[in-house]
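Beneath this line is the structure, given in C-alpha coordinates, with notes to follow.
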Amino acid sequence: MSFRGLRIVLLLMSPGLHAAEPLIHEFGLANGLKILVQEDHRSPAVVSQVWYKVGSSSEYGGITGVSHMLEHMMFKGTAKHPPGEFSRIIAANGGRENAFTGRDYTAYFQTLEKSRLPVSFELEADRMRNLRLLQAEFAKEQQVVLEERRLRTDDQPRALLDEHFSALTFTNSPYRNPVIGWPDDVGKLTLTDLKQWYERWYAPNNATVVVVGDVEPAFVLQQAKKYFGPLKSGQLPTLKPQTEVEQRGLRRMTLRVPAKLPYLSLAYKTPSLKTAAADWEAYALEVAAGILDAGNSARLASRLVRGGQIAAGVGAGYDLQARLSTVFSLEGTPAQGKTLAELESALLDEIRHLREEAVSAEELERVKAQVLAHHVFQRDSMFYQAMQIGMAETVGLGWRSVEDYVKRIETVTPDQVLAVARKYLVEDRLNVAHLEPLPLPEGISLPDESPSTGGAHVR
(Lines give C-alpha, C1' and ligand atoms only; values in the text may rest on other atoms or scores of the structure.)
Protein backbone atom coordinates (compact mmCIF):
# COMPACT_ATOMS: atom_id res chain seq x y z
CA MET A 1 0.00 0.00 0.00
CA SER A 2 1.40 3.39 -0.96
CA PHE A 3 0.38 6.70 0.61
CA ARG A 4 2.13 9.13 -1.74
CA GLY A 5 0.34 12.41 -2.16
CA LEU A 6 -1.81 11.99 0.95
CA ARG A 7 -1.91 15.24 2.93
CA ILE A 8 -3.57 14.58 6.27
CA VAL A 9 -2.66 16.51 9.41
CA LEU A 10 -2.51 15.17 12.93
CA LEU A 11 -5.82 16.86 13.60
CA LEU A 12 -7.45 13.91 11.86
CA MET A 13 -6.78 11.81 14.93
CA SER A 14 -10.12 13.09 16.13
CA PRO A 15 -12.93 11.03 17.68
CA GLY A 16 -14.46 10.68 14.20
CA LEU A 17 -11.44 8.70 13.05
CA HIS A 18 -12.05 6.21 15.82
CA ALA A 19 -15.72 5.72 15.04
CA ALA A 20 -16.88 2.12 15.13
CA GLU A 21 -16.58 0.22 11.87
CA PRO A 22 -19.95 -0.39 10.15
CA LEU A 23 -21.70 -3.58 11.20
CA ILE A 24 -21.19 -6.56 8.88
CA HIS A 25 -23.84 -9.29 8.73
CA GLU A 26 -22.64 -12.79 7.85
CA PHE A 27 -24.84 -15.52 6.39
CA GLY A 28 -24.15 -18.95 4.96
CA LEU A 29 -26.10 -21.16 2.60
CA ALA A 30 -26.29 -24.93 2.74
CA ASN A 31 -24.14 -25.21 -0.41
CA GLY A 32 -21.24 -23.40 1.29
CA LEU A 33 -21.72 -19.91 -0.15
CA LYS A 34 -20.88 -17.11 2.29
CA ILE A 35 -22.76 -13.81 2.15
CA LEU A 36 -21.45 -10.66 3.83
CA VAL A 37 -23.68 -7.59 3.99
CA GLN A 38 -22.84 -4.09 5.16
CA GLU A 39 -25.53 -1.42 5.22
CA ASP A 40 -24.70 2.02 3.86
CA HIS A 41 -27.81 4.15 3.43
CA ARG A 42 -26.18 7.36 2.21
CA SER A 43 -27.39 6.86 -1.36
CA PRO A 44 -29.93 4.50 -3.02
CA ALA A 45 -27.23 2.32 -4.56
CA VAL A 46 -25.70 -1.08 -3.97
CA VAL A 47 -22.35 -2.67 -4.77
CA SER A 48 -22.40 -6.43 -5.28
CA GLN A 49 -19.18 -8.42 -5.55
CA VAL A 50 -18.58 -12.15 -5.96
CA TRP A 51 -15.13 -13.27 -4.80
CA TYR A 52 -13.64 -16.65 -5.74
CA LYS A 53 -10.72 -18.09 -3.80
CA VAL A 54 -8.58 -18.64 -6.88
CA GLY A 55 -5.95 -16.52 -8.57
CA SER A 56 -2.51 -16.76 -10.10
CA SER A 57 -1.04 -18.23 -6.88
CA SER A 58 -3.28 -21.27 -7.39
CA GLU A 59 -1.71 -21.97 -10.80
CA TYR A 60 1.18 -24.23 -11.73
CA GLY A 61 3.75 -24.31 -14.49
CA GLY A 62 2.37 -24.44 -18.01
CA ILE A 63 -1.00 -22.86 -17.27
CA THR A 64 0.00 -19.51 -15.76
CA GLY A 65 -2.59 -16.90 -16.66
CA VAL A 66 -5.50 -19.37 -16.70
CA SER A 67 -7.34 -17.58 -13.86
CA HIS A 68 -7.15 -14.26 -15.69
CA MET A 69 -8.15 -15.86 -19.00
CA LEU A 70 -11.17 -17.48 -17.35
CA GLU A 71 -12.16 -14.10 -15.91
CA HIS A 72 -12.40 -12.82 -19.48
CA MET A 73 -14.41 -15.85 -20.58
CA MET A 74 -16.91 -15.39 -17.74
CA PHE A 75 -18.46 -12.62 -19.85
CA LYS A 76 -19.01 -14.93 -22.83
CA GLY A 77 -22.37 -16.26 -21.78
CA THR A 78 -24.43 -19.22 -20.62
CA ALA A 79 -27.27 -21.12 -22.28
CA LYS A 80 -29.66 -18.60 -20.74
CA HIS A 81 -27.60 -15.49 -21.43
CA PRO A 82 -25.66 -15.54 -24.75
CA PRO A 83 -22.34 -13.69 -25.26
CA GLY A 84 -22.70 -9.96 -24.65
CA GLU A 85 -26.05 -10.31 -22.89
CA PHE A 86 -24.64 -10.04 -19.38
CA SER A 87 -23.11 -6.60 -19.93
CA ARG A 88 -26.15 -5.45 -21.94
CA ILE A 89 -28.54 -6.33 -19.09
CA ILE A 90 -26.41 -4.54 -16.48
CA ALA A 91 -26.18 -1.43 -18.68
CA ALA A 92 -29.93 -1.53 -19.39
CA ASN A 93 -30.51 -1.45 -15.63
CA GLY A 94 -28.30 1.63 -15.26
CA GLY A 95 -25.41 -0.28 -13.73
CA ARG A 96 -21.67 -0.68 -14.16
CA GLU A 97 -19.78 -3.96 -14.04
CA ASN A 98 -16.31 -5.39 -14.40
CA ALA A 99 -13.96 -7.95 -12.92
CA PHE A 100 -10.37 -8.32 -11.78
CA THR A 101 -7.89 -11.10 -11.10
CA GLY A 102 -5.17 -11.00 -8.47
CA ARG A 103 -2.66 -13.39 -7.04
CA ASP A 104 -5.11 -14.81 -4.50
CA TYR A 105 -8.58 -14.10 -5.88
CA THR A 106 -10.83 -13.43 -8.85
CA ALA A 107 -13.72 -11.02 -8.30
CA TYR A 108 -16.73 -9.84 -10.29
CA PHE A 109 -18.70 -6.74 -9.39
CA GLN A 110 -21.66 -4.56 -10.28
CA THR A 111 -22.82 -1.17 -9.02
CA LEU A 112 -26.59 -0.71 -9.38
CA GLU A 113 -29.59 1.16 -8.06
CA LYS A 114 -30.61 -0.71 -4.90
CA SER A 115 -33.78 -2.29 -6.31
CA ARG A 116 -31.72 -3.93 -9.08
CA LEU A 117 -29.71 -6.18 -6.74
CA PRO A 118 -31.71 -9.27 -7.84
CA VAL A 119 -30.53 -8.61 -11.42
CA SER A 120 -26.92 -8.95 -10.29
CA PHE A 121 -27.64 -12.08 -8.24
CA GLU A 122 -29.52 -13.80 -11.06
CA LEU A 123 -26.70 -13.22 -13.56
CA GLU A 124 -23.86 -14.12 -11.19
CA ALA A 125 -25.59 -17.30 -10.03
CA ASP A 126 -26.14 -18.36 -13.62
CA ARG A 127 -22.51 -18.01 -14.65
CA MET A 128 -21.18 -19.47 -11.37
CA ARG A 129 -22.13 -22.98 -12.53
CA ASN A 130 -23.52 -22.70 -16.07
CA LEU A 131 -20.81 -20.96 -18.10
CA ARG A 132 -20.60 -21.98 -21.77
CA LEU A 133 -17.00 -22.15 -22.91
CA LEU A 134 -16.97 -22.07 -26.71
CA GLN A 135 -13.86 -22.53 -28.86
CA ALA A 136 -14.66 -19.62 -31.17
CA GLU A 137 -15.07 -17.20 -28.25
CA PHE A 138 -11.94 -18.56 -26.57
CA ALA A 139 -9.82 -18.12 -29.70
CA LYS A 140 -10.82 -14.46 -29.94
CA GLU A 141 -10.32 -13.76 -26.24
CA GLN A 142 -6.93 -15.43 -26.18
CA GLN A 143 -5.72 -12.88 -28.72
CA VAL A 144 -7.29 -10.09 -26.65
CA VAL A 145 -5.33 -11.22 -23.58
CA LEU A 146 -2.07 -11.54 -25.52
CA GLU A 147 -2.57 -7.99 -26.79
CA GLU A 148 -3.36 -6.83 -23.24
CA ARG A 149 -0.10 -8.43 -22.10
CA ARG A 150 1.80 -6.64 -24.84
CA LEU A 151 0.30 -3.24 -24.03
CA ARG A 152 0.41 -3.47 -20.23
CA THR A 153 3.65 -5.40 -19.69
CA ASP A 154 5.87 -5.98 -22.71
CA ASP A 155 5.63 -2.35 -23.88
CA GLN A 156 5.82 -0.87 -20.36
CA PRO A 157 9.41 -0.89 -19.04
CA ARG A 158 8.45 -0.62 -15.37
CA ALA A 159 5.82 -3.33 -15.62
CA LEU A 160 8.32 -5.54 -17.41
CA LEU A 161 10.84 -4.89 -14.65
CA ASP A 162 8.24 -5.76 -12.00
CA GLU A 163 7.53 -9.07 -13.75
CA HIS A 164 11.18 -10.10 -14.01
CA PHE A 165 11.87 -8.80 -10.50
CA SER A 166 9.15 -10.99 -8.97
CA ALA A 167 10.68 -14.00 -10.71
CA LEU A 168 14.05 -13.09 -9.15
CA THR A 169 12.69 -12.32 -5.69
CA PHE A 170 10.62 -15.47 -5.21
CA THR A 171 12.24 -18.87 -5.69
CA ASN A 172 9.38 -21.33 -5.29
CA SER A 173 6.44 -19.19 -4.19
CA PRO A 174 3.76 -18.90 -6.90
CA TYR A 175 4.03 -15.14 -6.42
CA ARG A 176 6.96 -15.38 -8.83
CA ASN A 177 4.49 -15.78 -11.73
CA PRO A 178 2.68 -12.82 -13.30
CA VAL A 179 -1.08 -12.63 -12.83
CA ILE A 180 -1.60 -12.30 -16.58
CA GLY A 181 0.65 -15.31 -17.15
CA TRP A 182 3.91 -15.89 -19.00
CA PRO A 183 3.43 -15.23 -22.73
CA ASP A 184 4.23 -18.77 -23.87
CA ASP A 185 1.78 -20.23 -21.33
CA VAL A 186 -0.98 -17.81 -22.32
CA GLY A 187 -0.50 -18.59 -26.01
CA LYS A 188 -0.73 -22.33 -25.38
CA LEU A 189 -3.73 -22.39 -23.04
CA THR A 190 -6.53 -24.58 -24.36
CA LEU A 191 -10.27 -24.58 -23.91
CA THR A 192 -9.84 -27.81 -21.93
CA ASP A 193 -7.51 -26.00 -19.50
CA LEU A 194 -10.20 -23.39 -18.88
CA LYS A 195 -12.99 -25.93 -18.50
CA GLN A 196 -11.00 -27.87 -15.92
CA TRP A 197 -10.13 -24.67 -14.03
CA TYR A 198 -13.75 -23.53 -14.04
CA GLU A 199 -15.05 -26.90 -12.83
CA ARG A 200 -12.35 -27.05 -10.15
CA TRP A 201 -12.76 -23.63 -8.55
CA TYR A 202 -16.06 -22.00 -9.56
CA ALA A 203 -18.50 -23.28 -6.97
CA PRO A 204 -20.57 -21.69 -4.21
CA ASN A 205 -18.41 -23.27 -1.50
CA ASN A 206 -15.39 -21.46 -2.94
CA ALA A 207 -17.07 -18.07 -3.19
CA THR A 208 -18.09 -15.11 -1.04
CA VAL A 209 -20.78 -12.64 -2.03
CA VAL A 210 -20.21 -9.16 -0.59
CA VAL A 211 -23.00 -6.58 -0.68
CA VAL A 212 -22.56 -2.99 0.51
CA GLY A 213 -25.22 -0.33 0.08
CA ASP A 214 -28.73 0.83 0.78
CA VAL A 215 -30.09 -2.63 1.53
CA GLU A 216 -31.67 -4.64 4.33
CA PRO A 217 -29.63 -7.74 5.27
CA ALA A 218 -32.75 -9.93 5.43
CA PHE A 219 -33.66 -8.99 1.86
CA VAL A 220 -30.14 -9.75 0.63
CA LEU A 221 -30.26 -13.18 2.29
CA GLN A 222 -33.66 -13.88 0.78
CA GLN A 223 -32.42 -13.06 -2.71
CA ALA A 224 -29.22 -15.05 -2.21
CA LYS A 225 -31.24 -18.11 -1.23
CA LYS A 226 -33.48 -17.65 -4.27
CA TYR A 227 -30.69 -17.37 -6.86
CA PHE A 228 -27.60 -19.02 -5.37
CA GLY A 229 -29.32 -21.51 -3.08
CA PRO A 230 -30.16 -24.08 -5.79
CA LEU A 231 -26.52 -24.31 -6.97
CA LYS A 232 -24.62 -27.45 -6.05
CA SER A 233 -21.39 -27.23 -4.11
CA GLY A 234 -18.18 -28.54 -5.67
CA GLN A 235 -15.39 -30.89 -4.67
CA LEU A 236 -12.60 -28.40 -4.05
CA PRO A 237 -8.93 -29.36 -4.32
CA THR A 238 -6.62 -28.63 -1.42
CA LEU A 239 -3.71 -26.32 -2.18
CA LYS A 240 -0.45 -27.75 -0.89
CA PRO A 241 1.64 -25.50 1.36
CA GLN A 242 3.77 -23.20 -0.78
CA THR A 243 6.29 -21.80 1.67
CA GLU A 244 9.03 -19.73 0.09
CA VAL A 245 12.52 -21.09 0.77
CA GLU A 246 14.75 -18.99 2.94
CA GLN A 247 16.79 -16.40 1.07
CA ARG A 248 20.44 -16.47 2.08
CA GLY A 249 21.96 -13.41 0.51
CA LEU A 250 21.50 -10.33 -1.62
CA ARG A 251 20.04 -10.85 -5.10
CA ARG A 252 20.49 -8.32 -7.87
CA MET A 253 19.38 -7.91 -11.48
CA THR A 254 19.59 -5.37 -14.28
CA LEU A 255 17.02 -4.97 -17.03
CA ARG A 256 18.09 -3.11 -20.16
CA VAL A 257 15.22 -2.11 -22.45
CA PRO A 258 14.21 0.98 -24.42
CA ALA A 259 12.79 3.38 -21.83
CA LYS A 260 12.51 7.06 -20.99
CA LEU A 261 13.95 6.97 -17.48
CA PRO A 262 16.00 4.74 -15.19
CA TYR A 263 14.13 3.04 -12.38
CA LEU A 264 15.00 1.23 -9.16
CA SER A 265 13.14 -1.43 -7.16
CA LEU A 266 14.10 -2.93 -3.80
CA ALA A 267 12.23 -5.76 -2.08
CA TYR A 268 12.81 -7.31 1.32
CA LYS A 269 11.24 -10.71 2.00
CA THR A 270 8.65 -10.35 4.78
CA PRO A 271 5.66 -12.23 6.12
CA SER A 272 2.12 -11.03 5.48
CA LEU A 273 -0.47 -10.78 8.23
CA LYS A 274 -1.55 -14.31 7.29
CA THR A 275 1.94 -15.81 7.63
CA ALA A 276 3.57 -13.70 10.37
CA ALA A 277 4.78 -15.56 13.46
CA ALA A 278 3.11 -12.82 15.52
CA ASP A 279 0.47 -10.64 13.89
CA TRP A 280 1.84 -7.43 15.46
CA GLU A 281 4.82 -7.78 13.11
CA ALA A 282 2.62 -7.20 10.07
CA TYR A 283 1.08 -4.05 11.55
CA ALA A 284 4.53 -2.78 12.51
CA LEU A 285 5.70 -3.31 8.93
CA GLU A 286 2.64 -1.41 7.71
CA VAL A 287 3.58 1.50 9.96
CA ALA A 288 7.23 1.28 8.84
CA ALA A 289 6.07 1.73 5.24
CA GLY A 290 4.09 4.75 6.41
CA ILE A 291 7.13 6.25 8.15
CA LEU A 292 8.91 6.18 4.81
CA ASP A 293 6.03 7.10 2.53
CA ALA A 294 2.92 8.48 4.25
CA GLY A 295 2.58 11.83 2.54
CA ASN A 296 4.84 14.75 1.69
CA SER A 297 6.16 15.02 5.25
CA ALA A 298 7.31 11.37 5.29
CA ARG A 299 11.00 10.56 5.24
CA LEU A 300 11.43 9.61 1.58
CA ALA A 301 9.68 12.66 0.17
CA SER A 302 11.20 15.13 2.63
CA ARG A 303 14.75 13.77 2.56
CA LEU A 304 15.26 12.30 -0.91
CA VAL A 305 12.97 14.36 -3.13
CA ARG A 306 12.84 17.83 -1.58
CA GLY A 307 15.80 17.65 0.79
CA GLY A 308 18.63 15.81 -0.94
CA GLN A 309 17.08 16.07 -4.41
CA ILE A 310 18.30 12.57 -5.12
CA ALA A 311 14.99 11.23 -6.40
CA ALA A 312 12.48 12.61 -8.86
CA GLY A 313 9.92 10.24 -7.38
CA VAL A 314 10.13 7.61 -4.67
CA GLY A 315 7.84 5.34 -2.67
CA ALA A 316 7.54 2.45 -0.24
CA GLY A 317 4.89 -0.17 0.33
CA TYR A 318 3.93 -3.35 2.12
CA ASP A 319 1.27 -5.92 1.19
CA LEU A 320 -0.33 -6.78 4.52
CA GLN A 321 -3.29 -8.58 2.90
CA ALA A 322 -1.58 -11.42 1.05
CA ARG A 323 -2.31 -15.14 1.37
CA LEU A 324 1.39 -16.04 1.29
CA SER A 325 4.54 -14.32 2.48
CA THR A 326 5.25 -11.12 0.61
CA VAL A 327 7.71 -8.20 0.41
CA PHE A 328 8.40 -4.77 1.85
CA SER A 329 9.24 -2.70 -1.21
CA LEU A 330 10.87 0.58 -2.18
CA GLU A 331 11.00 2.13 -5.62
CA GLY A 332 12.10 5.30 -7.29
CA THR A 333 13.47 7.27 -10.21
CA PRO A 334 16.73 9.22 -9.76
CA ALA A 335 16.63 12.99 -10.04
CA GLN A 336 18.28 14.49 -13.10
CA GLY A 337 22.04 14.19 -12.75
CA LYS A 338 21.78 11.41 -10.14
CA THR A 339 22.44 7.71 -10.75
CA LEU A 340 20.62 4.54 -9.81
CA ALA A 341 23.54 3.67 -7.53
CA GLU A 342 23.19 6.99 -5.66
CA LEU A 343 19.45 6.51 -5.22
CA GLU A 344 19.94 2.92 -4.06
CA SER A 345 22.49 4.08 -1.49
CA ALA A 346 20.11 6.76 -0.22
CA LEU A 347 17.23 4.32 0.13
CA LEU A 348 19.43 1.82 1.97
CA ASP A 349 20.48 4.63 4.33
CA GLU A 350 16.81 5.24 5.16
CA ILE A 351 16.35 1.53 5.90
CA ARG A 352 19.48 1.61 8.06
CA HIS A 353 17.97 4.49 10.07
CA LEU A 354 14.85 2.38 10.67
CA ARG A 355 17.05 -0.44 11.98
CA GLU A 356 19.29 1.70 14.17
CA GLU A 357 17.07 4.48 15.56
CA ALA A 358 13.67 4.10 17.15
CA VAL A 359 11.09 6.40 15.62
CA SER A 360 10.09 9.25 17.91
CA ALA A 361 6.67 9.21 19.57
CA GLU A 362 5.73 12.42 17.74
CA GLU A 363 6.62 11.08 14.29
CA LEU A 364 4.93 7.76 15.02
CA GLU A 365 1.67 9.45 15.98
CA ARG A 366 1.74 11.59 12.85
CA VAL A 367 2.32 8.56 10.66
CA LYS A 368 -0.41 6.59 12.38
CA ALA A 369 -2.81 9.45 11.77
CA GLN A 370 -2.08 9.40 8.06
CA VAL A 371 -2.18 5.60 7.72
CA LEU A 372 -5.48 5.47 9.58
CA ALA A 373 -6.91 8.40 7.66
CA HIS A 374 -6.10 6.63 4.40
CA HIS A 375 -7.94 3.55 5.67
CA VAL A 376 -10.96 5.53 6.87
CA PHE A 377 -11.22 7.67 3.74
CA GLN A 378 -10.98 4.60 1.55
CA ARG A 379 -13.94 3.15 3.42
CA ASP A 380 -15.98 6.20 2.47
CA SER A 381 -16.48 4.49 -0.90
CA MET A 382 -19.02 1.66 -0.98
CA PHE A 383 -16.94 -0.10 -3.63
CA TYR A 384 -13.78 -0.04 -1.52
CA GLN A 385 -15.66 -1.05 1.59
CA ALA A 386 -16.78 -4.15 -0.29
CA MET A 387 -13.27 -4.68 -1.64
CA GLN A 388 -11.67 -4.60 1.80
CA ILE A 389 -14.21 -7.06 3.14
CA GLY A 390 -13.97 -9.40 0.16
CA MET A 391 -10.20 -9.37 0.01
CA ALA A 392 -9.72 -10.03 3.72
CA GLU A 393 -12.22 -12.89 3.63
CA THR A 394 -10.81 -14.45 0.46
CA VAL A 395 -7.13 -14.49 1.48
CA GLY A 396 -8.06 -16.22 4.73
CA LEU A 397 -7.79 -13.33 7.21
CA GLY A 398 -11.53 -13.09 7.73
CA TRP A 399 -13.64 -9.96 7.39
CA ARG A 400 -13.17 -9.11 11.07
CA SER A 401 -9.57 -8.16 10.31
CA VAL A 402 -10.97 -5.09 8.53
CA GLU A 403 -12.69 -4.06 11.75
CA ASP A 404 -9.48 -4.70 13.71
CA TYR A 405 -7.19 -2.68 11.44
CA VAL A 406 -7.57 0.71 13.11
CA LYS A 407 -7.06 -0.46 16.68
CA ARG A 408 -4.13 -2.70 15.69
CA ILE A 409 -2.32 0.15 13.91
CA GLU A 410 -2.88 2.38 16.94
CA THR A 411 -1.15 -0.13 19.24
CA VAL A 412 2.11 -0.27 17.24
CA THR A 413 5.07 0.96 19.31
CA PRO A 414 8.48 2.41 18.36
CA ASP A 415 10.14 -0.74 19.70
CA GLN A 416 8.00 -2.92 17.45
CA VAL A 417 8.93 -0.92 14.35
CA LEU A 418 12.58 -1.20 15.37
CA ALA A 419 12.19 -4.95 15.91
CA VAL A 420 10.69 -5.73 12.49
CA ALA A 421 13.23 -3.51 10.75
CA ARG A 422 16.09 -5.39 12.43
CA LYS A 423 14.51 -8.77 11.72
CA TYR A 424 13.30 -8.36 8.14
CA LEU A 425 14.88 -5.28 6.52
CA VAL A 426 18.34 -6.82 6.28
CA GLU A 427 20.65 -7.53 3.37
CA ASP A 428 20.16 -11.31 3.37
CA ARG A 429 16.47 -10.71 2.56
CA LEU A 430 17.10 -7.95 0.03
CA ASN A 431 16.49 -8.05 -3.73
CA VAL A 432 17.51 -5.18 -6.01
CA ALA A 433 16.53 -4.42 -9.59
CA HIS A 434 17.86 -1.67 -11.86
CA LEU A 435 16.13 -0.56 -15.04
CA GLU A 436 18.80 0.88 -17.32
CA PRO A 437 17.20 2.62 -20.31
CA LEU A 438 18.29 1.91 -23.85
CA PRO A 439 17.62 4.56 -26.52
CA LEU A 440 14.09 4.51 -27.88
CA PRO A 441 13.90 3.41 -31.54
CA GLU A 442 13.41 6.30 -33.92
CA GLY A 443 9.76 7.25 -34.21
CA ILE A 444 8.75 5.24 -31.14
CA SER A 445 7.41 6.91 -27.98
CA LEU A 446 6.32 5.28 -24.76
CA PRO A 447 3.29 6.45 -22.75
CA ASP A 448 3.85 7.97 -19.33
CA GLU A 449 4.09 5.13 -16.87
CA SER A 450 2.07 4.92 -13.70
CA PRO A 451 2.92 2.99 -10.53
CA SER A 452 2.26 -0.74 -10.47
CA THR A 453 -1.28 -1.83 -9.64
CA GLY A 454 -0.09 -4.53 -7.30
CA GLY A 455 -0.53 -7.42 -9.65
CA ALA A 456 -4.29 -7.23 -10.25
CA HIS A 457 -5.49 -7.30 -13.83
CA VAL A 458 -8.81 -5.71 -14.68
CA ARG A 459 -10.77 -6.81 -17.70
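The values are calculated or read from the model by the stated rules, or taken from the named source; none is laboratory data. For clarity, every value in this text was computed on a predicted model and none was experimentally measured. Every residue, glycine as well, gets a Cβ built from its backbone with ideal geometry; the counts of neighbours run over all protein chains shown.
Details
- Odd one out for ALA91 among (1) surrounded by fewer than 18 Cβ atoms within 10 Å (Cβ to Cβ); (2) assigned to a loop (DSSP other than H, G, I, E, B); (3) not polar (S, T, N, Q): (2)
- Qualifying position, being in a loop (DSSP other than H, G, I, E, B), assigned by TED's automatic domain parsing to the domain that holds GLN143 and modelled with pLDDT of 95 or more, among THR192, THR171, THR275, THR208: THR171
- So GLY307, is it more than 30 Å from THR208 (Cα to Cα), assigned by TED's automatic domain parsing to the domain that holds PRO262 and surrounded by fewer than 17 Cβ atoms within 10 Å (Cβ to Cβ): yes
- Residues satisfying the stated conditions in the stretch 351-395, i.e. charged (D, E, K, R), over 25 Å from TYR268 (Cβ atoms) and not in a helix (DSSP H, G or I): ARG379, ASP380
- Scanning the stretch 403-441 for residues that are over 22 Å from the mean Cα position of the chain (by Cα) and in a strand (DSSP E or B) gives HIS434, LEU435, GLU436, PRO437, LEU438.
- Selection from the stretch 325-348 of residues that are in a loop (DSSP other than H, G, I, E, B) and either at positive phi or crowded, with 21+ Cβ neighbours inside 10 Å (or both): GLY337
- Just one of (1) within 20 Å of GLU163 (Cβ to Cβ); (2) out of contact with any strand residue (DSSP E or B) (no Cβ under 7 Å at 6 or more places or on another chain) fails for LYS76. It is (1).
- Selection within the stretch 349-400 - crowded, with 19+ Cβ neighbours inside 10 Å, of a type in the set (Gly, Ala, Ser) and in contact with a Leu (Cβ under 7 Å, 6 or more places away or on another chain): ALA369, ALA373
- Residue match in the stretch 278-295 (condition: among the charged types (D, E, K, R), more than 21 Å from GLY396 (Cα to Cα) and either assigned to a strand (DSSP E or B) or outside the structural domain of ARG103 (by TED's automatic domain parsing) (or both)): yes
- The set of residues from the stretch 152-168 being among the aliphatic types (A, V, I, L, M) and either farther than 19 Å from THR333 by Cβ or outside any helix (DSSP H, G or I) (or both) comprises ALA167, LEU168.
- Boolean, VAL9 is hydrophobic (A, V, I, L, M, F, W, C) and either at pLDDT 95 or above or within 20 Å of the chain's Cα centre (by Cα) (or both): no
- Count of the stretch 94-115 residues, restricted to those that are assigned to a loop (DSSP other than H, G, I, E, B) and closer than 30 Å to LYS274 by Cβ, is 4.
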